[in-house]
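What follows is a single structure, written as structure tokens, with notes after it.
The values are calculated or read from the model by the stated rules, or taken from the named source; none is laboratory data. Fair warning: this is a prediction, and the values are worked out from it, not measured in the lab. Every residue, glycine as well, gets a Cβ built from its backbone with ideal geometry; the counts of neighbours run over all protein chains shown. The protein model used for the area step is the full one, side chains on, heavy atoms only, and it has no ligands, DNA or RNA in it. Shrake-Rupley method; radii C 1.70, N 1.55, O 1.52, S 1.80 Å.
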Amino acid sequence: MVSALPSVPLTLGAHRVVRGIRVEHLCGDPTLSPESDRELMLLIARTALRAIKTQVQEPTLFEREETQAPSVHRELVGAS
Amino acid sequence: MRLEVGSVQVDEIRWGPSTRFSNGTLTLDRDEIEELVLQDSQIERTRAEIASPGDSVRIINPNDKIEPRVKVAGRGVAYPGYQGRPTEQVGSGRTHRMAGLAVIDCLDYSAAGESQAGEDRTWSRDEHGTLGNDWPEGVSPDFIDVSGPGAQLKPFGTLHNLCIVIQAPSGVSADEQHGVSQSAAMRVAERIAETVRNVQPDYVETFDTQPRPDLPSVAYIPHLASFEPQVGPRGRFGSAVYGQGRLSAPWLLESTELMDGAVAGSGHTWIMANNPVVMSLARRHGKDVNFLGCILQRTNWTNQREYVLAAHRAGVLAEKLGAQGAIITTDVRGQRWVGTMLTVQECENRGIDVVLLTEEEDNENGAAPALLFAPTELKYVVTTGTGDVAGGFPAVDRVIGAIDEPTAQWYKAFPPLHGRYGIAHVADYYGYGSQSYADY
Amino acid sequence: MTRPLKIVQYLNQFFGGIGGEEYNDQPVQVIEGPVGPGRALANILGDTVAVTATIIAGDNFLVEEQDRSLPPVRQALRKYQPDLVVAGPAFDAGRYGLGCALICQLANETGINAVTGMEPDNPGVMSQKGLYVIPTGSSPAEMVPALRKMAALGLKLARKEEVGSAEEEEYLPRGIRKPFNRHKQGAERAVDMVLGRIKGEPVASEISIRQYDQVDPPPPIDDLSRYSVALITTAGIVPRGNPNRQSTEIPRNYFAYSIAGVDSLTVQNWESVHTGFKGHVYNTLNPNYALPLPALRELDRIGEIGQLHDRFYSVVGGGCPVSDARRIGRGIATELTDADVEAVILEST
């Protein structure tokens, strides 16, 4: 799932969480140029596909990045 | 800082030929009050009404609630910054408050259409759905009964209430409608507070914020919703600190500043000036606690990193103040809970003992946790229940809060209310009452 | 004068006087009157209450061979018609605890109130829902104080009197929360609690923190190009005008809308009815921020996914009863499974 507040789904036990931009524009950013905005949305969608393709054992946050390795962040609210 | 708060008890409120206060009785010139409201040319129609405890009255469409307060000595004005008032620092000198009284603006939208397509549907097109099979259609849980079992649970059911019913101006944004309404209520409250400027209070409490590091040191961290994401940085919605409603790093305020109304708006003006946590800590300051002050945390950030940053800054402030403990409150749930939990974590991780004071979620007879989510650091909670009312609401003779006659539904008896999920009635975010929930 | 209250007690083979561990496969037997700890219980309860029968079974037999062990227990309960079943106490004995919980659950199912006692960590505590369990220590040396507490609560249950909170009646929380007046302002309680914590005094939280049920992560899908992917949004995206009258604040239902042949959502045709945040951006600039349809069309076109499911699902994300959330989630999952959708991207605002 894509979330702007990943600590919530991660704490609740969602397994594959992708960081979105903001609550009010989750999958894009209206302050960017239309071209960059389109690229950003595509990157978020691609990150979601990468998450679906990745084996996870526990709630895992997937950051947008070009590398294919999932980055596991625990900035949260103790996902226990 | 040192503040004397003189409480003038209002025992009776009635209409009369002139506005004055004498021997516990507040007499109000109805025409004067209504003209004061109509000073704003955007307000076409208004009506002033009175509701006292025990009356068979229901107040509907309540917006803000204000306790009339006036600075009689010291800097600044009561409710500084609120709706354009001066922003000089308050919290010292002497303030008179009218205990047992609230001014409530009831904002009636029925004549106003949607203001601006799309943007304002937060406030204009809400479809609450039904409150349950036993509840009539078209009523919302946000009303105030001043008699019956529900009256004891909110402060306003036990107060004399001067209600200013205002027809929401049409053709302007919801934000502006609220600003107009709250400004009018503040004009009225200010006028009424003038009647006790020179009155000898029934009792005077003196609050001195001089540190007492020999006693356990506690900070208070309320989370106050900002509506900046909805209405922009200068919107008039939401809780304001010296009039500032915007999202910001946490503010550090003395307890006496809150007593002078430094936090206002969002329907919480009365309760923030009388905040039970602030008052309890301030009254016990120097006796068994060293009350360090209030770290006002803003919430409604719209992504995680901002929430994390805000939590860190509150933690830095609390630690720098020397807090050994902190009481944390949160004024609404939903995504604001994220910020609240991050502040809890941040404080605990810095060795500050946290107690969270909050309403809880509906446990659904054992099927659901009592909190939206909880990090492992959260261990100590005081709960004010789910916002439900067990006793139900008897039928009433009079309904206040609509410019024209309200629908017949509003006069009816309502059954007991099972709390939470948008149907909370009590909304006790600051530990005003003794109602709670327990494990069974 | 009312008739004396009748109690049936359950004991395992050890406390029932049959023997130790080697007798844990003993079948169920029913003995008239109190046995062992039952005599102490009878003494505590006095004349108005009678322990009319004792059910005894081996720990393993009762728990592991329920087809054979439970019918005679049911039969005994029918025969003696007790006002209360007392099971144990089991202290730290795990299988005995499970047995006590089982007997209490059986009694409750037949409309008979029951009470048991065991150490809070005993697996029996969590094995059944809604049981009245008095916390005990680990050792049978505490038999009499444990029985006293069980008797006090048991009498209320036997008389069908209202039972107070877990804290008042000293039983373990059953996961149920109810209104409770603490007769002291919440703020004062918070100050007391924080001072107690600072001073290192024992303080009791008014909510014991509990987590949601967890599910196992579904396995990854290596090659998405062979599968159908669906979109779900919690932003309450609906056709402009909200034809189904989707709720705006509290999630009550989900709706599916066709996006067949649609490459991008437009503000002319779609809107967000979610009230909880600024719908302005979705409603005036770009609803695709809440449902990244153009990106998925692109990924479909270049073959990174098999196909995009031609209906998306829309709910309003907000606080709602867990039971409603479960119903909504289950409904969407069932429809998607029936449509052979293998993967979902959920946009959660």
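Any idea what the dipole of the protein assembly as shown comes to, in debye rounded to 20, about its Cα centre with Lys/Arg Cβ at +1 and Asp/Glu Cβ at -1?
1020
What is the spin-label model distance, in nm, from B:THR27 to C:GLU32 if the labels are put 7 Å beyond Cα along the C-beta direction?
8.7
Run a plain Debye calculation on segment B:1-104 (Cα atoms as equal point scatterers, no solvent) and give log10 I(q)/I(0) at q = 0.11 Å⁻¹, rounded to two decimals, same order as the q list.
-0.43
Give the shape of segment A:2-62 as rounded, prolate or oblate, defined through the alpha-carbon gyration tensor: a ≥ b ≥ c are the square roots of its eigenvalues, a/c under 1.5 means rounded, and otherwise the shape is prolate if a/b is larger than b/c and oblate if not.
oblate
For segment B:164-259, what does the accessible surface come to per residue with a 1.4 Å probe? Please give it in Å².
With all protein chains present, segment B:164-259 gives 35 Å² per residue.
Compute the distribution of all C-alpha to C-alpha distances in the protein assembly as shown, in bins of 20 Å from 0, and list the percent of pairs in each, rounded to whole numbers.
14, 39, 34, 13, 1
List, in the order given, every pair from C:LYS129/C:LYS149; B:LYS379/C:LYS199; B:LYS320/C:LYS199; B:LYS154/C:LYS199; C:LYS178/C:LYS199 whose Cα-Cα distance in the structure shown is over 22 Å.
From C:LYS129/C:LYS149; B:LYS379/C:LYS199; B:LYS320/C:LYS199; B:LYS154/C:LYS199; C:LYS178/C:LYS199, over 22 Å: B:LYS154/C:LYS199; C:LYS178/C:LYS199.
Using the Cα centre of segment B:293-440 as the reference point, and only Cβ charges (+1 on K/R, -1 on D/E), how large is the resulting charge dipole? Debye, rounded to the nearest 20.
So the dipole magnitude of segment B:293-440 works out to roughly 440 debye.
Ordered by packing density, taken as the mean number of other Cβ atoms within 10 Å over each peptide's residues, highest first, how do B:347-354, C:96-103, B:287-294 rank?
C:96-103, B:287-294, B:347-354
For a quick check: with amide H placed at 1.01 Å from N, whose amide H comes under 5 Å from C:GLY175's, ignoring anything fewer than 5 positions away on the same chain?
Under 5 Å from the amide H of C:GLY175: B:TYR440.
First obtain the Kirkwood hydrodynamic radius of segment C:141-185 from its Cα pairs, then insert it into the Stokes-Einstein equation at 4 °C and 1.567 mPa s, and state the resulting D in µm² per second as a whole number.
107
Give me the Kirkwood hydrodynamic radius of segment C:5-169, using the inverse of the mean 1/r over all pairs of distinct Cα atoms, in Å to one decimal.
Evaluated over segment C:5-169, this radius sits at 15.2 Å.
Net charge within 13 Å of C:ASP83 by Cβ-Cβ distance, Lys/Arg positive one each and Asp/Glu negative one each, not counting C:ASP83 itself?
Summing Lys/Arg as +1 and Asp/Glu as -1 gives +4.
So what is the 222 nm mean residue ellipticity for chain B from helices alone, if each DSSP H run of at least 4 adds -39500 (n - 2.57) and you divide by all residues, rounding to the nearest 500 deg cm²/dmol?
Per the formula, -6000 deg cm²/dmol.
Where a Cα-Cα gap under 13 Å defines reach, which aspartates and glutamates qualify for C:LYS79, not counting those fewer than 8 residues away within the same chain?
C:GLU32
Give the percent of DSSP beta bridges with both residues in segment C:5-169 that are antiparallel, rounded to the nearest 5.
15
Where Lys and Arg each count +1 and Asp and Glu each count -1, what net charge lies around B:GLY16 among other residues with Cβ under 13 Å from its Cβ?
So the surrounding residues net to -1.
Looking only at the protein assembly as shown, where both bridge partners belong to it, what percent of the DSSP beta bridges are antiparallel (to the nearest 5)?
If I count the DSSP bridges inside the protein assembly as shown, around 40 percent turn out antiparallel.
Give the long-range amide H neighbours of C:ILE259: residues separated by 5 or more places, or on another chain, with amide H under 5 Å away, using H modelled in the peptide plane at 1.01 Å from N.
Sorted by chain and number, the residues that satisfy this are C:ARG311, C:PHE312.
Would you calculate, for chain C, the mean residue ellipticity at 222 nm contributed by helices, counting each DSSP H stretch of 4 or more residues as -39,500 (n - 2.57) and dividing by all residues, to the nearest 500?
-10000 deg cm²/dmol
Suppose we keep just the DSSP beta bridges with both residues in segment B:305-440; what percent of those would be antiparallel, to 5?
About 20 percent, rounded to the nearest 5.
Under a 10 Å cutoff between Cα atoms, tell me which one of B:TYR82, B:TYR109, B:TYR220 has the largest fluctuation in the Gaussian network model of chain B.
B:TYR109
Ratio to report: Rg/Rh of segment C:224-347, with Cα atoms as the point set and Rh obtained by the Kirkwood method; give two decimals.
0.96
Over the protein assembly as shown, with every protein chain in place, what whole percent of the accessible area is carbon and sulfur at 1.4 Å, could you tell me?
Result for the protein assembly as shown: 48 percent of the exposed heavy-atom area is carbon or sulfur.
Among the aspartates and glutamates, select those whose C-alpha is under 19 Å from the C-alpha of B:LYS71, and discard any that sit fewer than 8 residues away in the same chain.
Hits, sequence-local ones excluded: B:GLU4, B:GLU88, B:GLU190, B:GLU194, B:ASP202, B:GLU205, B:ASP208, B:GLU254, B:GLU257, B:ASP260.
Would you pull out the residues with amide H under 5 Å of B:ALA99's amide H, same chain only if 5 or more places away, H placed 1.01 Å from N?
Close amide H contacts, sequence-distant or interchain: B:VAL8, B:GLN9, B:VAL10.
Estimate the FRET efficiency between B:SER248 and C:ASP213 by the formula 1/(1 + (r/R0)^6), using the beta-carbon distance for r and 30 Å for R0, to the nearest 0.05.
Once the sixth-power term is evaluated, E becomes 0.20.
Could you work out the mean projected area of the convex hull around the alpha carbons of segment C:227-281, in square nanometres to one decimal?
If you wrap the Cα atoms of segment C:227-281 in a convex hull and average its projections, you get 4.6 nm².
For chain B, with a Gaussian network of springs between Cα atoms less than 10 Å apart, report the residue from B:ARG246, B:ARG197, B:ARG298 with the top mean-square fluctuation.
Maximum fluctuation in the GNM of chain B, among the listed residues, is at B:ARG197.
Can you give the net charge of the other residues whose Cβ lies under 13 Å from the Cβ of B:GLN409, counting K and R as +1 and D and E as -1?
That works out to -1.
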